[in-house]
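The values are calculated or read from the model by the stated rules, or taken from the named source; none is laboratory data. Since the structure is predicted, the reported quantities are computational estimates derived from the model, not experimental observations. For neighbour counting, all protein chains shown are included, and Cβ atoms are generated from backbone atoms with ideal geometry for every residue, glycine included.
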Amino acid sequence: MRTPHRFALLGALVGSLALSTGPASAAIGGSGVGDPYYPDDGNSGYRVSHYDVRVGYDPARTRYLDGDTTVTAKATEDLDRFSLDLKGFTVASVDIDGAPAKSFSRSGEHKLDITPGRRLAKGKKFTVRVRYAGKPVGGAWNTMKDGGAYVSGEPHSSRDWYPSNDHPSNKATFQLTATVPDGWTAIGSGLPGKTTTGESADGKATKTFRWREDSPVATYLTAFAVDKFTVHHSKLKDGTPVIHAYSPGTEAASQKWEGLLPDILDFFSSKFGPYPFSSAGGIVVSGGDGDGPGALETQTRPTYDGSMFDMSMTHEDAHQWFGDSVTVADWRNGCLNECFAQYASQLWEEHKGADIDGYFYHDTVEEQKNNPEYWGVKLYDPGKGRELDPALYDKGSLMIHALRRTVGDKAFFATLKQWTHDHRGSNATWPQFEKLAQKVSGKDLTGFFNAWVHSTKIPEKKYLYPGSLAKLTK
């Protein structure tokens, strides 16, 4: 959402001749892209295509980060000023296309306002280099007992460690270069690059790790973790690299599940379409002091707090399709992430022989049928602060199963594959999914979606026990 600011003419001559010290209006990118829940998130006026994030972290200096990030973007309107999202830190300098910005300042909780030396014309590609350092203050930054650190947060995290257009609607490719003391390892998203050695300003040996993710990634899904990791390398059957990293003390409990990942991804590929990324794996950290989620589907390599096991893996890796490859257009659409990821774990259980019609669906409905709170949150547009409400996981996964039984397996899985194909690497909304489900199934699903997704009451019986589920009520 653009927020224009008008500048009056500084003077005028009598008659038809007028003088002005500059343009009649300044072109200023808006603070916020218009998310109905988080209106200050992101920034209008440009689109980012790539992040080159360079950081230095020394665990001996806990909660201090040196950063040097270059953002490559394209102006979508004339810009005399624009903003990036960055929370905390001291900004030392800002360059635009290699030249110092005219000025920069901070505003609000997380805005870095930048004035270039000259107007950036609509359509112009440009780079912004920001040098910054200091204490990360956002809740997505977590430090571990031994001094290691990791980033994990939803719906926000990138602003807590690098300047960005921090909204999922602006996905971009990502490159991380992280320098840490020798003996420590930095893990990121995507594929690893060359690791080099060096020396810090005080003469200590260092290592620099490089990672790149060439598929567009939402800012909250970019991974960064530093610890004395044990790193395992393997490959999927098709040659896709798999990288698992374990913090000290997490390997024994988690490694036994590592070999399950190829089977999980193969199974999901058969149901959702091809695995959408060029690498896979997981980051298992020993726990931190922040308030991030216990596990997060950081793209290509989910981050797990404490341990990795089958049910957490199926949920987070299903997100690689639902949330990471196909990403919400705004935070009203969280069901596109969590309803499907939660149901994916039920699909895995069914794959292993479980009767999910019975123990999962019927038993849950019967247990909750007289609990109005269970049904009291809408699955689409649930309200600010509820974009990740438990209802999206619980009621949401029931809804997905009821949809499957309503349209039948052929149409249901065809819909999922079409969905992940059509929106791969981009953003989507829940109403778009409803439209596709109706098109593929050839059925009028208006009543179903109104009862399950847009209502705050338990669905009536014909929607609660559709198709083959009806026999469970007899």
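Quick notes on this structure:
- Criterion (of a type in the set (A, V, I, L, M, F, W, C) and modelled with pLDDT under 95) met by exactly one of Ala245, Ala280, Ala318, Ala252: Ala252
- Of the residues contained in the range 117-132, none is found to be more than 19 Å from Ser49 (Cβ to Cβ) and among the hydrophobic types (A, V, I, L, M, F, W, C).
- Counting only strands (runs of 3 or more DSSP E) that sit wholly inside the range 137-205, those with at least 1 residues that are out of contact with any Pro (no Cβ under 8 Å at 6 or more places or on another chain) and either surrounded by fewer than 22 Cβ atoms within 10 Å (Cβ to Cβ) or outside the structural domain of Ser215 (by TED's automatic domain parsing) (or both) are 141-143, 172-181, 185-188, 196-199.
- Every residue from the range 232-259 that is more than 18 Å from Trp321 (Cα to Cα), touching a residue at least 40 places away in the same chain (Cβ under 8 Å) and in a loop (DSSP other than H, G, I, E, B): Ser247, Pro248, Thr250
- When Pro276 is tested against (1) in contact with a helix residue (DSSP H, G or I) (Cβ under 9 Å, 6 or more places away or on another chain); (2) in a loop (DSSP other than H, G, I, E, B); (3) surrounded by fewer than 19 Cβ atoms within 10 Å (Cβ to Cβ), just one condition goes unmet, and that condition is (3).
- Among residues of the range 44-68, those that are surrounded by 17 or more Cβ atoms within 10 Å (Cβ to Cβ), within 21 Å of Glu199 (Cα to Cα) and hydroxyl-bearing (Ser, Thr, Tyr), counted: 1
- In the range 309-370, counting only helices (runs of 4 or more DSSP H) that sit wholly within it, the ones holding 1 or more residues that are under 22 Å from Thr473 (Cα atoms) span 335-351, 363-368.
- Taken as a whole, the condition of being at pLDDT 95 or above, charged (D, E, K, R) and surrounded by fewer than 24 Cβ atoms within 10 Å (Cβ to Cβ) applies to Asp214.
- Scan of the range 100-113 for residues that are buried (at least 18 other Cβ atoms within 10 Å of the Cβ) and under 25 Å from the mean Cα position of the chain (by Cα), ordered by number: His110, Lys111, Leu112, Asp113
- Tabulated pairs, the range 29-47, first farther than 19 Å from Gly385 by Cβ, second of a type in the set (Lys, Arg) and assigned to a loop (DSSP other than H, G, I, E, B), C-beta under 6 angstrom, 6+ apart or interchain: Gly30/Arg2; Ser44/Arg2
- Hey, Thr206 modelled with pLDDT of 95 or more, closer than 21 Å to Gly147 by Cβ and among the hydroxyl-bearing types (Ser, Thr, Tyr) or not: yes
- Identification of helices (runs of 4 or more DSSP H) wholly contained in the range 402-474 with 1 or more residues that are in contact (Cβ under 8 Å) with a residue 40 or more places away in the chain, in contact with a Ser or Thr (Cβ under 7 Å, 6 or more places away or on another chain) and within 30 Å of Asn170 (Cα to Cα) yields 409-422.
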